[in-house]
Amino acid sequence: MITLALSKGRIFDETLPLLKAAGIEVLDDPETTRKLILATNLPDVRVVLVRASDVPTYVQYGGADLGITGRDTLLEHGSQGLYQPLDLQIAKCRMSVAVREGFDYAGAVRQGSRLRVATKFVSIAREFFASKGVHVDLIKLYGSMELAPLTGLADAIVDVVSTGNTLKANHLVEVERIMDISSRLVVNQAALKLKQQPIRHIIDAFAAALTPPTSV
Ligand code: PRT
Ligand code: MG
């Protein structure tokens with residue numbers, strides 16, 4: 001049995017075409033079913049639905065053989081025990097610093113004042129500000145980061161931005177882009193050895209689906 005860990009929503013949706021290219025069709029719709037283990041058209045391949053931030057954990061400890069997870073999640077979790085054969089170029093977004101409209105971010109950084117930064121991505125934020133030599137107090141949040149600068153909890157946030165509509169709706173502006181994000185295929189290293197042939201098949205099919213066909 002091959003177990004693939006996916007999160008509901010954008011990652012699941014954007015993975016479906018890749019699965020199809022590997023000859024795999026999921027038999028249930030995660031938005032309507034209450035099942036957490038979804039069968040596929042292949043009797044020896046199943047999908048488990050887990051929280052996005054739990055995907056690396058499942059794969060690392062062998063609860064799943066493979067998984068698909070954002071670069072952001074992977075950087076926060078650490079990549080120990082995970083083989084990362086492919087950047088799937090799905091669920092694309094960017095990690096950015098944002099502040100309230102009118103907040104003098106450049107001035108605050110220039111003056112070397114301590115910046116209060118709220119984020120779910122503490123490791124990424126710590127490393128980014130350390131590399132700039134900016135002193136920060138990091139405040140860990142689990143969601144709705146946008147609220148932090150509006151309520152005075154923090155001066156800035158580090159969060160994932162896609163269209164920018166959420167920032168705009170909350171009168172926040174993006175002041176720095178930390179990195180581009182997309183989702184990766186991660187594989188349990190022991191599973192790769194023990195179930196090499198079926199896992200290789202999936203990796204190769206995904207890779208082929210990503211590569212634009214060469215013109216003749
Ligand atoms: O939602 P949950 O707390 O369970 O976990 P999660 O937010 O990590 O999961 P999910 O499924 O929302 O995101 C999975 C992965 O998709 C993330 O790890 C990112 O790599 C990637 N991704 C791509 C995004 C977005 N785009 C995105 N727009 N993840 C989150 N967002 C959120 C963002 O946090 C912000 O609140 O959407 C809002 C901004 O969107 P825009 O379009 O208004 O800019
Ligand atoms: Mg989310």
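A Cβ-based charge dipole, computed about the Cα centre of the range 69-132 with Lys and Arg at +1 and Asp and Glu at -1, lands at about 220 debye.
Overall, the accessible surface of the range 78-208 at a probe of 1.4 angstrom is composed of carbon and sulfur to the extent of 49 percent. Summarising the label geometry, the points placed 7 Å from Cα in the beta-carbon direction at Tyr61 and Thr151 lie 3.1 nm from one another. Any of Lys20/Lys168; Lys8/Lys168; Lys140/Lys195 with alpha carbons more than 28 Å apart? Name them for me. Listed pairs above 28 Å: Lys20/Lys168; Lys140/Lys195.
Of the peptides 19-25, 173-179, 191-197, 90-96, the ranking by mean beta-carbon count within 10 Å, highest at the top, reads 90-96, 19-25, 173-179, 191-197. For the pair Lys35 and Lys168, a Förster radius of 45 Å applied to the C-beta separation gives a FRET efficiency near 0.75, rounded to the nearest 0.05. Here the extension length gained between Ser113 and Arg10 equals 33.3 nm, from 0.36 nm per residue of separation less the Cα-Cα distance.
Relative to the dominant Cα principal axis of the chain, helix 196-210 is inclined by about 60°.
Rounded to the nearest 5, the antiparallel percentage of DSSP beta bridges internal to the chain is 65%.
Solvent-accessible surface of the chain, averaged per residue with a 1.4 angstrom probe and all protein chains in place: 53 square angstrom.
A simple charge model with +1 on the Cβ of Lys and Arg, -1 on the Cβ of Asp and Glu and nothing else charged puts the dipole of the range 93-180 at about 160 debye relative to its Cα centre. How many percent of Cα pairs in the range 93-180 exceed 18 Å? Value for the range 93-180: 34 percent of Cα pairs lie more than 18 Å apart.
Treating each Cα of the chain as one equal point scatterer and applying the Debye formula with no solvent, the log10 of I(q)/I(0) at q = 0.08, 0.12, 0.14 Å⁻¹ comes out as -0.34, -0.70, -0.87.
If we sort 71-79, 31-39 on the protection proxy, mean other Cβ atoms within 10 Å, highest first, what's the order?
Highest mean packing first, the order is 71-79, 31-39.
The values are calculated or read from the model by the stated rules, or taken from the named source; none is laboratory data. These numbers come from a predicted model, not from an experiment. Note that we place each Cβ from the backbone using ideal geometry, even for glycine, and neighbour counts take in every protein chain shown. Heavy atoms of the whole protein, side chains included, go into the accessibility calculation; ligands, DNA and RNA do not. Shrake-Rupley method; radii C 1.70, N 1.55, O 1.52, S 1.80 Å.
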